[in-house]
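Peer 1: Before we start, here is the structure in question, set down as structure tokens.
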Amino acid sequence: MTIPSLQKRTTPAALLLVSALLLSGCAPATIVAPEPLPASISVGEGGPEDLTVSGTSAYVSNIADGSVLKLDLLKAGASSVFIPPASDAYSSAWGLRVMPSQNWLLSLQNQPYDFNPANAKAGRLSAYDLTSGAKVKSWELPAGMVGNSVEVDKAGNIYVGDIGPTPRIVRIDPASGAVTIWATSPEWVAGGFGIGGMAYSGAGLYASHNNALWYIAIQPDGSAAAPQAVKVDGDPVIFADGMTWTGSNLIYAENDVLVPGPQGVVYQVAFSTPTAATRTALQTGLSDPSGVALAQIGDQHYLLVNESQLGFAFGVDKGEASKPYQVKVFSR
């Protein structure tokens, strides 16, 4: 899908600046509106996993070598290496999140995982300074925990979802370094895919597991309420990978790793209560999307989607993935 053509326009803030300069007797410089982003942005030869945005920069994790790319959205997505390829066993980068209060990029770094529960090994979460790129902190995850999704609440707590055979969410206290099991449920099925995508709503976490969407409210003392399955109209299968919260609803990527061809979809979930919702398809025909993020450049709003082509890695899609991999860009 291509992006509709956009007219360049001067923002109200820019007009105020011009008026102020004229009144002061200064000649204003030429003000140029940001160029629209291209319909897709190349992100190299390694498989992209997650995607997050901070201001006019986007970050893309690489499941093949543990690196993270930085995309300059003011320069059509020009890329540079933010985290270099791993030089140790943690050579697979998964979930990403920006933590604005600390000026950190959080990156989940795993040992390679083939989705055989017997081979699940503990990953780690690392924090990098957004300005310098320097590694600031690192936290080891519990035994057998493969970190897939990461989220941050307004109090500064960090949450990590386990995609391995033990479905659970851990909480990390950045100040003390404590890593504790925060949420589990007897309704969560062990032995296969654990926690998929995850997003913080302001009052709790949404997480996907076992073809359903779950809500875990954060109680006043910071503990997890009992996870509740969200009732989505039509009772659809919810196989959600990357997630992002818009401020009032949820957007997630559903990949098609078990179905050949470009069957992936990005959905929006709108809530009437925290555990009741409707679902609408935003984009279809995608090749196994695994990460989504929202960006604003000037007056233009975008949805960014990793096309990870995971069906080739699982052997469902035959042949080779198309390279370089792409982040698809859609106007909102």
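Peer 1: Based only on the alpha carbon positions, what is the Kirkwood hydrodynamic radius of the range 249-332, in angstrom?
Peer 2: With all distinct Cα pairs of the range 249-332 included, I get 13.7 Å.
Peer 1: Per residue of the range 84-95, what does 6.51 cos²θ - 1.76 cosθ + 1.60 with θ = phi - 60° give for ³J(HN,Hα)? Whole Hz please, x for Gly and Pro, Karplus curve as stated.
Peer 2: In residue order, the calculated couplings are x, x, 5, 10, 10, 6, 8, 9, 9, 8, 10, x Hz.
Peer 1: Still on this structure, please answer the following. Take the Cα of V316, step 7 Å along the line toward its Cβ, and report every residue of the range 198-232 whose backbone nitrogen sits under 16 Å from that point.
Peer 2: Under 16 Å, as judged by backbone N against the label point of V316, lie 209-212 of the range 198-232.
Peer 1: For the range 31-97, would you read off the P(r) tail past 20 Å as a percentage of all alpha carbon pairs?
Peer 2: The calculated P(r) of the range 31-97 puts 28 percent of pairs beyond 20 Å.
Peer 1: Another question, then. Can you work out ³J(HN,Hα) from phi for every residue in the range 297-314, in order, using Karplus 6.51 cos²θ - 1.76 cosθ + 1.60 and θ = phi - 60°, giving whole Hz and x for Gly and Pro?
Peer 2: Each residue of the range 297-314 in turn: 10, x, 8, 9, 9, 10, 10, 9, 9, 6, 9, 8, 6, 5, x, 5, 5, 8 Hz.
Peer 1: Stokes-Einstein at 37 °C, 0.692 mPa s, Kirkwood radius from Cα pairs: D for the range 85-234 in µm² s⁻¹?
Peer 2: Working: Rh = 15.6 Å.
Answer from the Stokes-Einstein relation: 211 µm²/s.
Peer 1: Turning to a different aspect of this structure: Across the Cα atoms of the range 124-197, what radius of gyration and what greatest pairwise Cα-Cα distance (Dmax) are found, in Å?
Peer 2: In order Rg, Dmax, the Cα atoms of the range 124-197 give 13.0, 43 Å.
Peer 1: Could I ask something else about it? Show me the ranking of peptides 55-61, 119-125 by mean Cβ neighbours inside 10 Å, starting with the highest.
Peer 2: 55-61, 119-125
Peer 1: Here's a follow-up. Anything over 26 Å Cα to Cα? Flag those among K75/K323; K70/K135; K154/K328; K121/K328; K121/K231; K231/K318, in the order listed.
Peer 2: K154/K328; K121/K328; K121/K231; K231/K318
Peer 1: Which cross-chain or sequence-distant (5 or more) residues have an amide H under 5 Å from the amide H of L213, H modelled 1.01 Å from N in plane?
Peer 2: Distant-sequence amide H within range of L213: V230.
Peer 1: Ok, one more. So how much slack lies between A270 and S101, counting 0.36 nm per residue of separation and subtracting their Cα-Cα distance, in nm? Before the final figure, lay out each step's value.
Peer 2: Values: separation 169, 0.36 × 169 = 60.84 nm, distance 2.76 nm.
Length gained, A270 through S101: 58.1 nm.
Peer 1: If each residue of separation counts as 0.36 nm, what is the full-extension length gain between A203 and A33 once their alpha-carbon separation is subtracted?
Peer 2: Working: separation 170, 0.36 × 170 = 61.20 nm, distance 3.66 nm.
Between A203 and A33, full extension yields 57.5 nm more.
Peer 1: Which translational diffusion coefficient, to the nearest whole µm²/s, is obtained for the range 159-218 from the Stokes-Einstein equation, given a Kirkwood hydrodynamic radius over C-alpha pairs, 25 °C and 0.890 mPa s?
Peer 2: Answer from the Stokes-Einstein relation: 208 µm²/s.
Peer 1: Still on this structure: How big is the Kirkwood radius of the chain, worked out from every pair of different alpha carbons and given in Å to one decimal?
Peer 2: Kirkwood radius, the chain: 20.5 Å.
Peer 1: At 7 Å along Cα-to-Cβ for each site, give me the label-to-label distance between D129 and Q219 in nm.
Peer 2: 3.9
Peer 1: Sticking with this one: Amide H neighbours of S40 under 5 Å, counting only residues 5+ apart in sequence or on other chains, H built in-plane at 1.01 Å?
Peer 2: Amide H to amide H, under 5 Å and 5 or more residues apart or across chains, S40 pairs with V329.
Peer 1: Then there is this: Return the sequence-ordered ³J(HN,Hα) values of the range 127-134 in whole Hz as given by the Karplus equation 6.51 cos²θ - 1.76 cosθ + 1.60 applied to θ = phi - 60°, using x for Gly and Pro.
Peer 2: Each residue of the range 127-134 in turn: 10, 10, 5, 5, 7, 9, x, 6 Hz.
Peer 1: Per residue, how much accessible area does the chain show when a 1.4 Å probe rolls over the protein heavy atoms, in square angstrom?
Peer 2: Per-residue value: 44 Å².
Peer 1: Related question: With a 1.4 Å probe and every protein chain kept in, tell me what percent of the accessible surface of the range 206-320 is carbon plus sulfur.
Peer 2: Values: 2410 of 4700 Å².
Here it works out to 51 percent.
Peer 1: Given Cα pairs under 8 Å that are at least 6 residues apart, what percent is the relative contact order of the range 161-261?
Peer 2: Numbers: 198 pairs, mean separation 20.8, N = 101.
For the range 161-261, the relative contact order is 21 percent.
Peer 1: Multiplying the sequence separation of A281 and S176 by 0.36 nm and subtracting their Cα-Cα distance, what value in nm do you get?
Peer 2: Between A281 and S176, full extension yields 33.7 nm more.
The values are calculated or read from the model by the stated rules, or taken from the named source; none is laboratory data. Keep in mind the model is a prediction, meaning the values are calculated, not measured. Every residue, glycine among them, receives a Cβ derived from its backbone with ideal geometry; neighbour counts consider all protein chains shown. For accessibility, only protein heavy atoms count, side chains too; no ligands or nucleic acids. Shrake-Rupley method; radii C 1.70, N 1.55, O 1.52, S 1.80 Å.
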